[in-house]
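Peer 1: To start, I am sharing the structure in question, which I have written as structure tokens.
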Amino acid sequence: MTAFAEGISAATVREHGLTEDEYGQILKRMGRPPNYTELGIFSVMWSEHCSYKSSRRWLKELPTTGAQVICGPGENAGIVDIGDGQAAVFKMESHNHPSFIEPYQGAATGVGGIMRDVFTMGARPVANLNALRFGDPAHEKTRHLVSGVVAGIGGYGNCMGVPTVGGEVNFHPSYNGNILVNAMTVGVVDQDKIFYSAAKGVGNPVVYVGSKTGRDGIHGATMASAEFDDNSDEKRPTVQVGDPFTEKLLLEACLELMAGDAIIAIQDMGAAGLTSSSVEMASKGEVGIELNLDQVPCRETGMQPYEMMLSESQERMLMVLHPGRQEAARAIFDKWGLDFAVIGLTTNTGHLTLNYQDEVVADIPVEGLTEDAPIYDRPWTSTPKPATLKADACPPPDDLGAALLTLMGSPDLASRRWIWEQYDHSVMADTVGGPGGDAAIVRIHGTNKGLAITTDVTPRYCQADPIEGGRQAVAEAWRNLTAVGATPLAMTDCLNFGNPERPRIMGQFVECLSGMGEAGRALDFPIVSGNVSLYNETNGEAILPTPAIGGVGVIRDLAKRAHVALEETGDVLLAVGKTGGHLGQSLFAREIHAREDGAPPPVDLATERRNGNFVRTCIEKGMTTSVHDISDGGLYVAVAEMALAGGIGAALEAPHTNTHGFLFGEDQARYVLAVRPDQVDRILSQAQDASVPAQILGHVGGAGLTVNAGRAVSLSTLREVHEGWFATTLSTRT
């Protein structure tokens, strides 16, 4: 590293998150040393967060196409066909590092950013979800982080008037120093009104709209691509500050302009702000962009080009308009009280050129920032296959009912009501199935059709066996959609891992993606959008590998949807799928026996598809009264959740040998069905014909749960334990 522009040193380069070798590559691409502004632009565009330099090689192996896919990865969000000339637009993104540093604003701006990704495609957001991971509940920061994140999600989504309808929340000590906040938004758009980000044509006006640019969020993308240490709180100034009321105005103004034909391309100013939006639009359109930074609306005095280009101030968009449409577009944004400024034009140079105070302050080949960014094939090591948990490792508990209460009151299974009551999940009046079920259901406005949406992953499985854990994450999301009667269409992902420069961590990433890809292909469940979040560790301690999956499916007739709650005394409970009593990596092993070892349950994808298709057929034919998939905690927990949802008990019949394995094992590809007595023989016969294991599990009725006519666990006690954990452990803000 020998050539530096004035005011730049080797230390400056390192502070920008660039290696010596990467700086050498910049010199080759530029043919000269970059100035300070250009160095900042390279640093954010070549950051892990923006360039995916450690993951791109492996992301290409995921399934991304299908008859239902309109737009796969590479745009602001993925798009799938939902029939009737309509499409669902959706994506999941991380805001992990900012949320640990400043939980309210970090989570709030994560929600705001993912909504912009969706409405920049022309879609009106109809639902928000989230997937949250926190550390040990007893850790000194956990209560503060939970309270701040939940308040931030609710504060932004509620003000926007978009329902937060579902998600997941889990706790594990590996997240003590690096929580995960993954936000997902789903929108609906007419297929002839979809907008893309490629800035095609030369001489077209480039327009900035929304809020003014400030100094918040500068180098946010770089910060999100680095490990934490004991001084991470000092990075607080890099966290963006959001204003949901302005975003609501921006949403309505953009959709109003999109009703016409003024827009050629549009891009959200997300990570890396004006830099990434302009560069990505130019790259996709194979053009150059020239910007006049004197025209950028700024809310602080004396802002320099470096600050304008790297700011991650929220509620901003960049557009390329057809010539002559500027004033009509300006009138719309003036009406909504938003900034509107023509700040540049498209060119045929293939360069990003920045002018400021009559000087060229940056001139960079666009390809050098995008297609020619570094791609690493990092060394990786495979995770050794864990031994199967021995049969005597988890002996039966003295009291099955007490074990159930322990599980239902544990951090991973306790009711999340305290959280979802802080979210408005019914605004817009189209939420048909809100939080607490297998998947949320949102009516497509004005129709009898609905979208089913879920988020899922089981990190402890991914830690023990990344391939199996990757398979299970996809299969679980697919199963949750199936359990409400939806046809699964596609998924988005948020791939949260530690430092990819460690071969063990890189191996977790590679093998999780291998399992995910295998499952996506087997279940016809492609990945159409997503996000990679690496370096999630503090002082060398990595999080559990957490490839969160967001799944979307369609229900053609909402009258045929299924729900979790038990309804009628006398209904018969059926277990669909084979129960072998697998306790390795189970919550029973962890909560009852303090064990976190053994192999996770194997996932047979052909069985998943066969069993799920059978259950969906039963739902569509009206043969069920309620349905629930079996996952964390096993069959007994699934029935307990159904009983609590419906306020009615059940009597179960279990084998007298390995009873606890039957009740608490986490074997995959299973469901509990409640059916009317006159449907039992029909379902069992059709299951046999379809080679689907099915058996009578018990009957609905009573005020508690019993096993083999033993002592009942009352629903009142179960509810008190299930709903009390959050209120007593985490509800007090600090």
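Peer 1: Calculate the spin-label point distance for residue 539 paired with residue 393, positioning each point 7 Å from the Cα along the beta-carbon direction, and give it in nanometres.
Peer 2: Going by the 7 Å Cα→Cβ label model, 3.0 nm.
Peer 1: Of all the C-alpha pairs in the stretch 1-138, what % are more than 20 Å from each other?
Peer 2: Roughly 64 percent, once rounded to a whole number.
Peer 1: Quick one: if you take sqrt(5λ) for each eigenvalue of the C-alpha gyration tensor of the stretch 566-668, what semi-axes come out, biggest first, whole angstrom?
Peer 2: In descending order, the three semi-axes are 24, 18, 11 Å.
Peer 1: Right, another one. On C-alpha positions alone, give me the angle between the axis of helix 103-119 and the longest principal axis of the chain, in degrees, nearest 10.
Peer 2: 80 degrees
Peer 1: OK, next. Would you rank 256, 653, 307 by solvent-accessible area, highest first, keeping every protein chain in place and using a 1.4 Å probe?
Peer 2: Ranking 256, 653, 307 by accessible area, largest first, yields 653, 256, 307.
Peer 1: How high is the FRET efficiency from residue 376 to residue 567, r the C-beta distance, R0 56 Å, rounded to 0.05?
Peer 2: About 0.55, to the nearest 0.05.
Peer 1: What is the magnitude of the charge dipole of the stretch 262-421 about its Cα centre, with +1 placed on the Cβ of each Lys and Arg, -1 on the Cβ of each Asp and Glu, and no other charges, expressed in debye to the nearest 20?
Peer 2: 580 debye
Peer 1: In whole percent, and with a 1.4 Å probe on the protein chains, what portion of the accessible area of the chain is carbon and sulfur?
Peer 2: After summing per-atom areas, the C and S share lands at 49 percent.
Peer 1: Classify the stretch 359-478: rounded, prolate or oblate, from the alpha-carbon gyration tensor (a ≥ b ≥ c, eigenvalue square roots; a/c under 1.5 rounded; otherwise prolate if a/b is larger than b/c)?
Peer 2: Oblate shape, in that a/c is at least 1.5 and b/c is the bigger or equal ratio.
Peer 1: Quick one: if the Förster radius is 25 Å, what FRET efficiency do residue 20 and residue 359 give, using the C-beta to C-beta distance and rounding to 0.05?
Peer 2: Computed FRET efficiency for residue 20 and residue 359 comes out at 0.25.
Peer 1: Rounded, prolate or oblate for the stretch 58-122? Axes are the square roots of the Cα gyration tensor eigenvalues, ordered a ≥ b ≥ c, and the cut-off for rounded is a/c under 1.5.
Peer 2: oblate
Peer 1: Once you have a ≥ b ≥ c as the square roots of the Cα gyration tensor eigenvalues for the stretch 234-315, tell me rounded if a/c is under 1.5, and otherwise prolate or oblate according to whether a/b is larger than b/c.
Peer 2: Oblate, because a/c is 1.5 or more while a/b does not exceed b/c.
Peer 1: So which of 248/335; 449/578; 200/248; 193/449; 91/284; 91/193 end up more than 24 Å apart by C-alpha?
Peer 2: 449/578; 200/248
Peer 1: What percentage of all Cα-Cα pairs in the stretch 94-163 are separated by more than 19 Å?
Peer 2: 33 percent
Peer 1: Would you work out the relative contact order for the chain, in percent, from Cα pairs under 8 angstrom that are 6 or more residues apart?
Peer 2: Relative CO of the chain lands at 15 percent.
Peer 1: Would you work out the charge dipole size for the chain about its Cα centre, treating the Cβ of every Lys and Arg as +1 and the Cβ of every Asp and Glu as -1, and quote it to the nearest 20 debye?
Peer 2: That gives the chain a dipole magnitude of about 1120 debye.
Peer 1: Also, I was wondering about something else. About the Cα centre of the stretch 1-79, how large is the charge dipole given +1 on each Lys and Arg Cβ and -1 on each Asp and Glu Cβ? Please answer in debye to the nearest 20.
Peer 2: Roughly 240 debye for the stretch 1-79.
Peer 1: Taking +1 at the Cβ of each Lys and Arg and -1 at the Cβ of each Asp and Glu, which of 73, 120, 88 sits farthest along the dipole of the stretch 1-132 towards its positive end, judged by Cα position relative to the Cα centre?
Peer 2: Value computed over the given set: 73.
Peer 1: Now a separate question. Among 434, 376, 677, whose Cα lies farthest out toward the positive end of the dipole of the chain, if unit charges sit on the beta carbon of Lys, Arg (+1) and Asp, Glu (-1)?
Peer 2: The residue sitting most towards the positive pole is 677.
Peer 1: Then there is this: Solvent-accessible area of residue 478, probe 1.4 Å, all protein chains present, reported in Å² to the nearest ten, please.
Peer 2: Around 10 Å² of this residue is reachable by solvent.
Peer 1: Working out 0.36 nm times the residue gap between residue 5 and residue 61, then minus their Cα-Cα distance, what length gain in nm do you get to one decimal?
Peer 2: Going from the current span to full extension adds 16.1 nm.
Peer 1: Whole-Hz Karplus ³J(HN,Hα) for the stretch 298-303, in order, using 6.51 cos²θ - 1.76 cosθ + 1.60 and θ = phi - 60°, x for Gly and Pro?
Peer 2: 10, 9, 10, 7, x, 5
Peer 1: Once both labels are modelled 7 Å past Cα along the beta-carbon direction, what's the residue 501-residue 429 spacing in nm?
Peer 2: Once both label points are built, they end up 5.6 nm from each other.
Peer 1: Give me the angle, in degrees from 0 to 90, between the Cα long axis of helix 326-335 and the longest principal axis of the Cα atoms of the chain, rounded to the nearest 10.
Peer 2: Compared with the principal axis, the helix lies near 60 degrees.
Peer 1: Additional query: Kindly report the accessible area of the chain per residue (heavy atoms of protein chains, probe 1.4 Å, no ligands, DNA or RNA), in Å².
Peer 2: 34 Å²
Peer 1: Could you give the Stokes-Einstein D for the chain in µm² per second, using the C-alpha Kirkwood radius, 37 °C, 0.692 mPa s?
Peer 2: Answer, rounded: 125 µm²/s.
Peer 1: Still on this structure, please answer the following. Angle, helix 680-689 long axis vs. longest principal axis of the chain, Cα atoms, 0 to 90°, nearest 10?
Peer 2: Approximately 60 degrees, to the nearest 10.
Peer 1: Per DSSP H run of at least 4 residues, take -39500 (n - 2.57); add these up for the chain, divide by its residues and hand me the 222 nm value, nearest 500 deg cm²/dmol.
Peer 2: Helix-only estimate at 222 nm: -10000 deg cm²/dmol.
Peer 1: Could you work out the local net charge near residue 400, counting Lys and Arg as +1, Asp and Glu as -1, over the other residues with Cβ closer than 15 Å to its Cβ?
Peer 2: Local charge sum for residue 400: -3.
Peer 1: Taking the simple approach of a point 7 Å from Cα along Cα-to-Cβ for both residue 301 and residue 421, what is their distance in nm?
Peer 2: Each label point lies 7 Å from its Cα, and together they span 4.9 nm.
Peer 1: Cut-off 19 Å, label point 7 angstrom out along Cα-to-Cβ of residue 193: give me the residues of the stretch 400-444 whose amide nitrogen falls inside.
Peer 2: Those under the cut-off are 428-430, 443-444.
Peer 1: Rounded to the nearest 0.05, what FRET efficiency do residue 657 and residue 139 have when you use their Cβ-Cβ distance and R0 = 35 Å?
Peer 2: The formula returns an efficiency of 0.30 here.
Peer 1: Which of the listed residues, 543, 51, 395, is farthest toward the dipole's positive end in the chain, when Lys, Arg count +1 and Asp, Glu count -1 at the beta-carbon?
Peer 2: 395
The values are calculated or read from the model by the stated rules, or taken from the named source; none is laboratory data. Since we're looking at a predicted model, the values are computed, not measured. Heads up, the Cβs are rebuilt from the backbone with ideal geometry, glycines too, and the neighbour counts pull from every protein chain shown. In case anyone asks, the SASA skips ligands and DNA or RNA and just uses the protein heavy atoms, side chains included. Shrake-Rupley method; radii C 1.70, N 1.55, O 1.52, S 1.80 Å.
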